[in-house]
Every structure is written in structure tokens, then in C-alpha cells.
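Following: one structure in C-alpha cells, then a few remarks.
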Amino acid sequence: MRLGRLVRRRPRVLLTAVLASVTLSGALAAQESTGKKAEDAQRAEAQALVDLVETAAKGGAATGGLNLAWGRHYFLKAQGGKTYVPFFVVLPPENVQGSPAVGLYLRVVARAPSVDATTGTDGEEGQAAPAAGASQYAFEDLYFFDLPASAGARARRITRAFAVSPGVYDVYVAVKERPAGKPADTPARAGVVHQEVTVPDFNVPGLTTSDIIVAENVETIPEPIDPETQADHPFTFGQMRIAPAVEHRFAKKDELAIVFWIYEAATNPETKKPDVQVDYKFHRVEGDKQTYFNRTEPQILNAESLPAEFDLAAGHQLSGSLGVGLASFPEGEYRLEIDVQDKTAGKQVTRDIRFTVAP
């Protein structure tokens, strides 16, 4: 499945549809419909989320009981010269009680002028002006949903994604409990998290990879999810569903699982397939010292191992993955070195991740 398809469709609950004629300064327009009361309530919830981000963007404290923390984000190549950025934010264990119904507002602001969501010009050379009805931001959207379940006293992970051109961005995520899911005398809690993100450019020639996603779990689902619900499942790719690890810290009974994608591999002119070998080498880390620990069998991606219909020219994605049990790993810190060799082009790229094996 081409990753670009994941980022071309907007979520079903669009910011413009919910806010309608609501301006970011806070003016609410009257609605004439049979569901006016419900619409006004949802519009008020949406405006409250926007106001939280406005406050945070101006340097103010915009928290109200939900201690959101930025988790991790990953960069993957998408269509149209853009980069797909799935991410998650974390609610600590003390915040997991209460109503599962929340609203979430995501705003991505370019540090420099961006034409991601604009057309036309504002009269100054090189500056873009928003088209009628368009967002002034590189990406923004609004979501209403139920928080995912959390087993025991564990942090709760909220996943979302956006797609933008390469550059530096400020990402704001506001989350607010919805009154509909809480007792009338219980105030709705809210929180905002801000993260600066530097998005790389995958549209340059040469062998490279996406970020390495370290997972708590990777599973195969019966069929791809409905594109209309893709926004709720940003770490699902085709029939592969990834639960990204909140921390790179694992018990000896756990399995280390990673997934990534390989870009710009050459096609062997005889087989019409890439010829790539991926080597995985583990090193123990003790302070400034690293010592070789072990390695797995190489992962071979060529005409013999890939499906007959695999075709890079058709947009098929070449992925690398590893799942290894940690029972034989002594407790401590490790570095996994990932060497990707393109045998056809004679090129190589190396990536690594750090993780901990704990009691």
C-alpha cells in the first residue's frame, strides 16, 4: 500500500465543518437547524480547544488538570513531496481516570512561510495568502473520540498524524474532556502540549530510510481499515497495525520489535526487483564503552523473498522489520545497529536505536 494514500484524506470531523463561521478570535455564529443546541455545544467545545492552543502559542499556561506530555514522532515519506508524521502524546497514569470522551485540536505552524495549505499571494513577493476557506496553518484539524483503554496503572497513549512539506514546525495538541461524558458537577479537564519538529526532506536522490519505529506490538489485521477512519489509526499501514512503544525500555520476557521503510533502492535490471540486505547487530552500552553482543540473520529483500507482484515503480513500499526475544539479553543498555545495503547500487546506509533491558 502506498503510504501517500494515508495522508490525502482528511478526518471525518473537520475543523471547518465544526467551527463553521467561528473565527479564531472567538466569535460564534448562530446556527439555524433542528440540532442547534447540540451543534452549539460542540462548537463551544471546539472553540475552547482552539483557545487553549491560542493561549499556549502566545506563551501562556494553558493547562487545566490534564498533564499531557509529548511522546514520540516519526518521519515517513509520503506522496506529493510531503512527509508523513505519525506521533503520540501521553497521559500519565494519574490522568487516566474519568470520562473517555475527549476533543482534540491539532495545529501545525510553519516557522517560515509555508504554501502547504494556501494559494495565491498577498502582494509581497514569495509570500502566500490563504485561499477562501483555507487554513492559515500548515495543518490543523479537530477530532472527537473516546480515549483508548489503558491496562492497569499505565500511561495512556493518544495517536494522531499530519503531513507537511520539509521544514521546521511548531506542533500544538490540545485535549479536553467532553462534558457529555462527565457528571454535571465535575469540571472538564484539559491540557496542551507543544513540540518543535524539524521535518526532513525525503525527496532527494540516494538510499535512505524512514525513522525506525520501536513497537510494543505489531499485528496483522484481516484487511486494511476504512480510509474514512484512517485518522484514528495513524500507525496502521495496509494490514499492519503498530502500537509504538511509549518507552524504549523492555523486560526480559518482552520482544523487541521494529519496523521501518527503505527508500530509493535501485531495481536490478535482470530481476526487476530490488536487491537489499539488512543486517542487525546488537552492542552493549556501558558508559562511553560499547561492545559487540550478538546479531541476527540478515534480512534479504530481493527477487527470491519479495512477492512476485512487488514493483517499486508502481509505488510499492520496501520495508524492514525485526522481532527478537530479549530473554537471553542481560539487563542493561543496548544499541541496535541497522545496516541497509543496496547491492544493485552499491550503496549503504546505517541507522541505530537505543533501548534498555530491565528486570
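The values are calculated or read from the model by the stated rules, or taken from the named source; none is laboratory data. What you see is a predicted model, and the numbers here were worked out from it, not measured in a lab. FYI the Cβ positions are ideal-geometry reconstructions off the backbone, even for glycines, and counts take in every protein chain you see.
Worth pointing out:
- Restricting attention to segment 316-345, the residues that are out of contact with any strand residue (DSSP E or B) (no Cβ under 8 Å at 6 or more places or on another chain) and on the phi > 0 side of the Ramachandran plot add up to 0.
- All told, Gly60 falls short of being farther than 17 Å from Leu106 by Cα, in a helix (DSSP H, G or I) and in the same structural domain as Phe139 (by TED's automatic domain parsing).
- The set of residues in segment 191-224 that are farther than 30 Å from Lys343 by Cβ, in a loop (DSSP other than H, G, I, E, B) and of a type in the set (Asp, Glu) contains only Glu223.
- Filter result for Thr344 (over 20 Å from Asn217 (Cα atoms), in contact with an Asp or Glu (Cβ under 7 Å, 6 or more places away or on another chain) and in a strand (DSSP E or B)): no
- For segment 235-248, the criterion of being among the acidic types (Asp, Glu) and either modelled with pLDDT of 95 or more or crowded, with 17+ Cβ neighbours inside 10 Å (or both) is satisfied by no residue at all.
- In the set Glu331, Glu297, Glu309, only one residue is exposed (fewer than 13 other Cβ atoms within 10 Å of the Cβ), acidic (Asp, Glu) and in contact (Cβ under 8 Å) with a residue 12 or more places away in the chain; that residue is Glu331.
- Matching strands (runs of 3 or more DSSP E) fully within segment 225-280 where at least 1 residues are farther than 15 Å from Ser319 by Cβ, acidic (Asp, Glu) and out of contact with any helix residue (DSSP H, G or I) (no Cβ under 6 Å at 6 or more places or on another chain): 255-263
- Taking the numbered list (1) over 25 Å from Phe202 (Cβ atoms); (2) in a strand (DSSP E or B) in turn, Ala327 passes all entries but (2).
- Some residue of segment 211-223 being farther than 27 Å from Val90 by Cβ and not assigned by TED's automatic domain parsing to the domain that holds Val340: yes
- Any hit, segment 263-270, residues being closer than 29 Å to Ala161 by Cα, at pLDDT below 95 and not polar (S, T, N, Q): no
- Residue that is nearest to Tyr334 (Cα to Cα) [pool: residues in segment 238-290 that are among the basic types (Lys, Arg) and in contact (Cβ under 8 Å) with a residue 40 or more places away in the chain]: Arg284
- Filtered residue count, segment 128-152, keeping only those that are modelled with pLDDT of 60 or more, surrounded by fewer than 19 Cβ atoms within 10 Å (Cβ to Cβ) and either hydroxyl-bearing (Ser, Thr, Tyr) or farther than 22 Å from Leu49 by Cβ (or both): 3
- Restricting segment 249-282 to residues that are surrounded by 15 or more Cβ atoms within 10 Å (Cβ to Cβ) and β-branched (Val, Ile, Thr), the residue that is farthest from Pro86 (Cα to Cα): Thr267
- Scanning segment 287-333 for residues that are closer than 25 Å to Pro359 by Cβ, hydrophobic (A, V, I, L, M, F, W, C) and under 31 Å from the mean Cα position of the chain (by Cα) yields Leu322, Val324, Leu326, Ala327, Phe329.
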